[in-house]
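Down below is the structure, laid out as structure tokens.
The values are calculated or read from the model by the stated rules, or taken from the named source; none is laboratory data. For clarity, every value in this text was computed on a predicted model and none was experimentally measured. Every residue, glycine among them, receives a Cβ derived from its backbone with ideal geometry; neighbour counts consider all protein chains shown. Only protein heavy atoms, including side chains, enter the accessible area calculation; ligands, DNA and RNA are left aside. Shrake-Rupley method; radii C 1.70, N 1.55, O 1.52, S 1.80 Å.
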Amino acid sequence: RRRAMLRSHILLKRLRAKCVLRRCHKEIKQRSLRHLAKSSSISSGTSLKEETESNKIKAYIELAKPELSALVIMTGTWGFLLTGSSSIVACTSTVGGLVLAAASAASWNQAAEVPYDKIMVRTRTRPLPSGRLTLTEATTFSGVTGAAGVLALLTGTNTVTGTLGFLNIILYGMIYTPMKRKSIYNTHVGAVVGALPVVIGWTGGGGALLDATPAVLFSVMFAWQFPHFMGIAWKYRKDYKAAGYRMISRDDVNGDRTSTWAMTGALALCTVPFVSTAVGMTSSMFLVSSSIPNAGLVYTCYKFRKNTSSRNANKLILIGFIYLTGFLGLMFFHSTSEALRIHYTSLRNILRRVGKSFCVHETQIKKNPIPEMCPTSTSKVEKILDRESTTLQSTSSISKR
């Protein structure tokens, strides 16, 4: 009996020990599961936070309209380069200030048009209508970028440039934006806003505001806005009408009025080479080379006038960008700026010297000079540089011998 009782007592202890072990294992397993769940929730929360921050940054970039900034950078840099300035500080301040000012104006515009952007298919996915940014965030962003842009222009360049940058933001936000719902001539005000960056680039490089050159630069960008914006206005005319915007394309059944304004802008651009040559801003060869992009733009406007389809409107927008790049490049290449000629080893001047070696009036007419036929400019700087190049060539040929 004693042995039996002892055995049963031992078995009971073993059973109790097994139960305790099972409970311990179960508790350890539950604790490990809780720990895993907690750590996964923390990691998912961290990744969600990182994703939210990334989306915010993308929304702010979209609010700033990077495509507008790209155009501002191109035109502002072009205006700056024409001055011949080699100041890196002035160049960085001018371009950076212009980008910030453009971001401020674009975000101000979107903050003021949230109810109407929700109606338009083209704009309903923007940061504010889609709810990715709040109105407070957008207005704060507009104020900060505007102040930073004007400050960069004031401190890095001069007072005139900073003032022009400030006025352009005000013109865009306080005049152009509300005018879009009141008058079809809002495009003309928008054209002024789009033309000012090139003047800001010119003054940022040290150029005088009251001069023929900034007037010509302004006229180029002002006239270019009309073919460009007429293409956009016609392509999205239904959207603009639904939102209550008074664009030139509104109630223009056949597109006659829209295409007429586009053609007017293209023809106005054809007169620019004559004016720039007359005031001594470009050489006479600009009249010849610029005829190619001008003919292309006029032909595109003519096609749009004959058939005002969305396809031709898209072509007009695309050709407009190609035209602007080529036209500005040719004007820079044919510029008679004394400051640009001093940089003898620059790519522009090297290409000009190469071009002269293939040019008929340089290789043939100059041998038998006929002043009224030769359209090349004969400035003092150009004569000195030509003399220096001749000296260098003769020196190198003697050294080779």
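Look at residue 275 and say whether it is assigned to a helix (DSSP H, G or I), over 18 Å from residue 211 (Cβ atoms) and not polar (S, T, N, Q). Answer is no for this residue.
Against the numbered list (1) outside any helix (DSSP H, G or I); (2) surrounded by fewer than 20 Cβ atoms within 10 Å (Cβ to Cβ); (3) at pLDDT 85 or above, residue 84 comes up short only at (3). Considering only residues in segment 150-179 that are open to solvent by 40 Å² or more (accessible area, probe 1.4 Å), in contact with a Ser or Thr (Cβ under 8 Å, 6 or more places away or on another chain) and touching a residue at least 12 places away in the same chain (Cβ under 8 Å), the one that is farthest from residue 111 (Cα to Cα) turns out to be 158.
Within segment 166-173, does at least one residue satisfy the condition of being in a helix (DSSP H, G or I) and over 22 Å from the mean Cα position of the chain (by Cα)? Looking through segment 166-173, none of the residues is in a helix (DSSP H, G or I) and over 22 Å from the mean Cα position of the chain (by Cα). Within segment 128-149, residues that are assigned to a loop (DSSP other than H, G, I, E, B) have Cβ atoms under 6 Å from residues that are open to solvent by less than 10 Å² (accessible area, probe 1.4 Å) in these pairs: 128/110; 128/138; 129/117; 132/59; 133/59; 133/127, counting only partners at least 6 apart in sequence or on another chain. Yes or no: segment 306-313 includes at least one residue that is in a helix (DSSP H, G or I), buried (at least 16 other Cβ atoms within 10 Å of the Cβ) and basic (Lys, Arg). No: segment 306-313 contains no residue that is in a helix (DSSP H, G or I), buried (at least 16 other Cβ atoms within 10 Å of the Cβ) and basic (Lys, Arg).
Among the residues of segment 176-185, is there at least one that is part of a loop (DSSP other than H, G, I, E, B) and small (Gly, Ala, Ser)?
From segment 176-185, those part of a loop (DSSP other than H, G, I, E, B) are 180-185; that's our starting set.
Those still in the list that are small (Gly, Ala, Ser) too: 183.
Within segment 176-185, one or more residues are part of a loop (DSSP other than H, G, I, E, B) and small (Gly, Ala, Ser).
The set of residues in segment 106-122 being touching a residue at least 24 places away in the same chain (Cβ under 8 Å) and either under 20 Å from residue 236 (Cβ atoms) or not in a helix (DSSP H, G or I) (or both) consists of 106, 109, 110, 112, 113, 116, 117, 119, 120, 121, 122. Show the residue pairs meeting these rules: Cβ distance below 7 Å; 6+ apart or different chains; first residue within segment 76-95 and at positive phi; second residue polar (S, T, N, Q) and crowded, with 19+ Cβ neighbours inside 10 Å. Close Cβ pairs satisfying both conditions: 84/337.
Scan segment 278-295 for residues that are in a helix (DSSP H, G or I) and open to solvent by less than 30 Å² (accessible area, probe 1.4 Å) and the total you get is 4.
Quickly run through segment 213-225 and pick out the residues that are among the aromatic types (Phe, Trp, Tyr) and either in contact with a Lys or Arg (Cβ under 8 Å, 6 or more places away or on another chain) or open to solvent by less than 10 Å² (accessible area, probe 1.4 Å) (or both).
Here is the first cut: in segment 213-225, the ones among the aromatic types (Phe, Trp, Tyr) are 218, 222, 224.
The answer is 224, and nothing else.
If only residues of segment 118-142 that are more than 20 Å from the chain's Cα centre (by Cα) and over 19 Å from residue 55 (Cβ atoms) are counted, the one that is most open to solvent (accessible area, probe 1.4 Å) is 118.
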